[in-house]
Structure formats: structure tokens, C-alpha cells
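First comes the structure, then the notes that go with it.
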Amino acid sequence: MANGKPILKEKDKKKLPKIGKLQNNCDRRMQEIGKIIHPKSLISGQPTEVHHHFIPKSVSSALRYDWDNLIPLTNAEHCRIHQSEDPDKEMQIVRIKGLDWYNKLKAKSRNPMKINREYYLSVAEKLENHLARFL
């Protein structure tokens, strides 16, 4: 043991999935499940193509896999939100979802979250269990 952590041999380290790969798998699975849960865009009612993180992933790791933070949209609507400097696009979502939703989401965004391999493995397991309910 070094610094209280077990020493892994090089061959054992290679067996562990990389954090980036775990994150990508969880992100993909979240979008897949989201299309089942929310088949229609919040804005237009057209088929959902993507889930927008209302509070960006770069701002709050705690909300990356929080269903309250994911907004079902078409690809075109998603592009308009990201490419427009018009805050009305985001405010349209707040008007639809409500100010209570927004305030609760902001409060949740302040929760610190330790992001590591175990975190992503836990998220992956939860997502698989969630998906199993729909299949």
C-alpha cells in the first residue's frame, strides 16, 4: 500500500476502464433512456432527438445525470439554444417548467460531487436498472 491506497500492478491498471470511456457510455445511455421517457420535445412536441443540460455539465457535475436538468429537444432546437445569445430560449424552458423547478435545480447545482471511476460505475448501474424498467 502507498499512501493508504493499494498498489496496482501495470497489468491490473490496464483492466480498469478509463474514466472518459465510462463517462461517454453513461452519457450515451442517458440520452437513449431519455428518448424513451420523454419522446416529445418540451418546446415543439416533435420527436425528441437530444436532451439538453439546462445547467451545463461544466457548471455542475451533480446535475449531469439528473433527469430534472435534462430538457428533451429536437436537434434544431438544441442548436438554437447553444448558438443563440438570446436568453429567451432558456427562459422559454423556465416558463414551461416553472420557477419552482428552476429554483430547486439551482439549489441542487450547488451540491459538490466527487467524480471518479466508482461514481461512473454507479451511474452506469443505475441507468441499466432504469432502462430495464422500460424493456
Check: Counting Lys and Arg as +1 and Asp and Glu as -1, each charge on the Cβ, what is the dipole of the chain about the Cα centre in debye, to the nearest 20?
Finding: 760 debye
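For Gln83 and Phe134 in the same chain, what is the full-extension length gain: residue separation times 0.36 nm, less their Cα-Cα distance, in nm?
Result for the pair: 15.0 nm of gain on full extension.
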Margin query: Please list, ordered by chain and number, the residues whose modelled amide H lies under 5 Å from the amide H of His52; skip anything fewer than 5 residues away on the same chain.
Written below: Ile71, Leu73
Next item on the list: Please give the solvent-accessible surface of Arg80 in Å², to the nearest 10, using a probe radius of 1.4 Å with every protein chain present.
Entry: 120 Å²
Item checked: Most to least packed among 38-44, 69-75, 98-104 [average Cβ atoms within 10 Å] -> 69-75, 38-44, 98-104
Note to self: Suppose all protein chains stay in the model; what accessible area per residue would a 1.4 Å probe give for the chain, in Å²?
What the structure shows: 68 Å²
Next item on the list: Leaving ligands, DNA and RNA out of it, report the carbon-plus-sulfur percent of the accessible area of segment 15-135 at a 1.4 Å probe.
Entry: 52 percent
Margin query: Longer than 31 Å from Cα to Cα, which of Lys35/Lys89; Lys18/Lys89; Lys40/Lys114 are they? Say none if no pair is.
Written below: Lys18/Lys89; Lys40/Lys114
Checklist line | Charge dipole (the chain, unit charges on Cβ, about Cα centre) - positive-most of Gln46, Leu16, Leu73 | finding: Leu16
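Compute the length gained on full extension between Ser122 and Asn25: take 0.36 nm times their separation in residues and subtract their Cα-Cα distance, giving the result in nm to one decimal. Please list the in-between numbers first.
Values: separation 97, 0.36 × 97 = 34.92 nm, distance 1.23 nm.
Result for the pair: 33.7 nm of gain on full extension.
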Margin query: Please state the shape class of the chain: rounded when a/c is under 1.5, otherwise prolate if a/b exceeds b/c and oblate if not, all from the C-alpha gyration tensor.
Written below: prolate
Note to self: At 0.36 nm per residue, and after removing the present C-alpha to C-alpha distance, how many nm does the segment from Val59 to Leu16 gain when stretched out fully?
What the structure shows: 12.7 nm
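For the chain, what is the mean residue ellipticity at 222 nm derived from helices alone (per DSSP H run of n ≥ 4: -39500 (n - 2.57); sum divided by total residues; nearest 500 deg cm²/dmol)? Walk me through the numbers before you get to the answer.
On the way: 6 runs with 71 residues, N = 135.
Value at 222 nm, helices only: -16500 deg cm²/dmol.
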Item checked: Gaussian network model of the chain, springs between alpha carbon atoms under 10 Å - residue of Lys15, Lys106, Lys35 with greatest fluctuation -> Lys15
Check: Considering only the other residues whose Cβ falls under 9 Å of the Cβ of Leu63, what net charge follows from Lys and Arg at +1 and Asp and Glu at -1?
Finding: +1
Note to self: At 1.4 Å probe size, what's the solvent-accessible area of Val50? Round to the nearest 10 Å².
What the structure shows: 20 Å²
Notebook entry, point to check: Using the scaling law 2.2 N^0.38 Å as the reference, what is the normalised Cα Rg of segment 43-108?
Noted result: 1.06
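The values are calculated or read from the model by the stated rules, or taken from the named source; none is laboratory data. Just so it is clear, the model here is predicted, and its values are computed rather than measured. With ideal geometry, Cβ positions are generated from the backbone for all residues, glycine too; neighbour counts draw on all protein chains shown. Calculation scope for accessible area: heavy atoms of the full protein, side chains included, ligands and nucleic acids excluded. Shrake-Rupley method; radii C 1.70, N 1.55, O 1.52, S 1.80 Å.
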